[in-house]
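A quick write-up on the structure given underneath.
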Amino acid sequence: MNSLWKFYIMKVRDKHFKLFISEEELSSKVHQISDAINQDYEGKEPLFIGILNGAFMFAADLMKNIHIPSEITFIKVSSYKAMASSGNIKELVGLQENIFKRHIILVEDIVDTGKTLANLITQFKALGPQSIEVASLLHKPDAIIEPVEVKYVGFSIPNNFVVGYGLDYDGFGRNSRDIYQLDEEA
Ligand code: IMP
């Protein structure tokens with residue numbers, strides 16, 4: 001088995017994945033998003049809110065290139081199966097900051113069906129922020145069920161399952177520096 005094989009293929013639990021977006025491509029795109037935010041939010045002292053667990057790596061790299069005065073915090077969302085009949089309700093866990101009149105940037109790993117963000121945005125809007133925008137590293141337009149406006153998108157990707165750079169399969173694979181996509185043929 002040669003080293004090239006190891007580089008392009010990754011096994012996570014019972015599934016095989018193939019290289020999809022390299023560390024270099026990710027880095028360059030994350031820099032572009034930071035640059036845009038630095039320009040758009042000059043003088044606004046935004047509060048970034050990273051959505052755990054998936055966004056931890058994207059949020060960390062994004063913040064390294066944010067040069068304007070800003071804060072970052074993290075939240076989790078929990079789904080309540082008991083309320084599944086009303087549509088996969090997700091509740092905010094862990095927001096300590098007062099976001100009234102603040103400029104909020106939600107930092108997400110991926111927008112898939114859009115349900116998580118649509119729900120969160122409704123909950124955040126009720127807390128009276130001055131503005132609320134979304135920065136998502138990935139976006140799967142073909143999977144969308146609840147449309148959300150995403151101001152900063154890294155990559156629009158096909159509706160395939162991906163892991164790495166914070167994204168997991170069954171809890172594993174988040175630590176990869178690159179993003180891999182499910183290899184259906186393996
Ligand atoms: P949504 O509510 O359907 O938009 O789902 C958003 C969440 O589902 C993301 O924050 C991820 O945690 C997870 N997710 C969606 N697609 C993928 C994927 O391809 N790989 C890993 N996690 C995913």
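The values are calculated or read from the model by the stated rules, or taken from the named source; none is laboratory data. Predicted, not measured: the structure shown is a model, and the values here were computed from it. Neighbour counts run over all protein chains shown; Cβ positions are idealised from the backbone, glycine included. Note: accessible area is taken over every heavy atom of the protein model, side chains too, but ligands, DNA and RNA are not part of it. Shrake-Rupley method; radii C 1.70, N 1.55, O 1.52, S 1.80 Å.
Quick notes on this structure:
- Subset of the stretch 113-145 [under 16 Å from the mean Cα position of the chain (by Cα) and assigned to a loop (DSSP other than H, G, I, E, B)]: Thr113, Gly114, Lys140, Ile144
- Leading residue by the ranking (surrounded by the fewest Cβ atoms within 10 Å (Cβ to Cβ)) among those in the stretch 146-162 that are more than 10 Å from the ligand (Cβ to nearest atom) and in a strand (DSSP E or B): Ser156
- Test result for Glu185, assigned to a loop (DSSP other than H, G, I, E, B), surrounded by fewer than 18 Cβ atoms within 10 Å (Cβ to Cβ) and modelled with pLDDT under 95: yes
- Of all the listed residues (Asp168, Asp178, Asp109), the sole one being touching a residue at least 12 places away in the same chain (Cβ under 8 Å), within 17 Å of Met57 (Cβ to Cβ) and away from the ligand (no atom under 13 Å from the Cβ) is Asp178.
- Taking the conditions (1) within 13 Å of the ligand (Cβ to nearest atom); (2) at pLDDT 95 or above; (3) among the β-branched types (Val, Ile, Thr) in turn, Ile132 satisfies each one other than (1).
- Look at the stretch 126-149: where a residue is charged (D, E, K, R), no partner that is in a helix (DSSP H, G or I) and loosely packed, with under 15 Cβ neighbours inside 10 Å sits 6+ places away or on another chain with Cβ atoms under 8 Å.
- Only residues that are among the polar types (S, T, N, Q), open to solvent by less than 40 Å² (accessible area, probe 1.4 Å) and more than 18 Å from Val163 (Cβ to Cβ) were counted across the stretch 16-63, and they come to 2.
- Any chance Ile99 is more than 9 Å from the ligand (Cβ to nearest atom), open to solvent by less than 10 Å² (accessible area, probe 1.4 Å) and either more than 24 Å from Ser78 (Cβ to Cβ) or in contact (Cβ under 8 Å) with a residue 60 or more places away in the chain (or both): no
- Here the stretch 66-96 is the region considered, the condition is being within 14 Å of the ligand (Cβ to nearest atom), open to solvent by less than 40 Å² (accessible area, probe 1.4 Å) and of a type outside the set (A, V, I, L, M), and the residue that is modelled with the lowest pLDDT is Gly87.
- If you check Lys140, Lys115 for being within 21 Å of Leu62 (Cα to Cα), within 11 Å of the ligand (Cβ to nearest atom), surrounded by fewer than 21 Cβ atoms within 10 Å (Cβ to Cβ) and of a type in the set (D, E, K, R), only one passes: Lys140.
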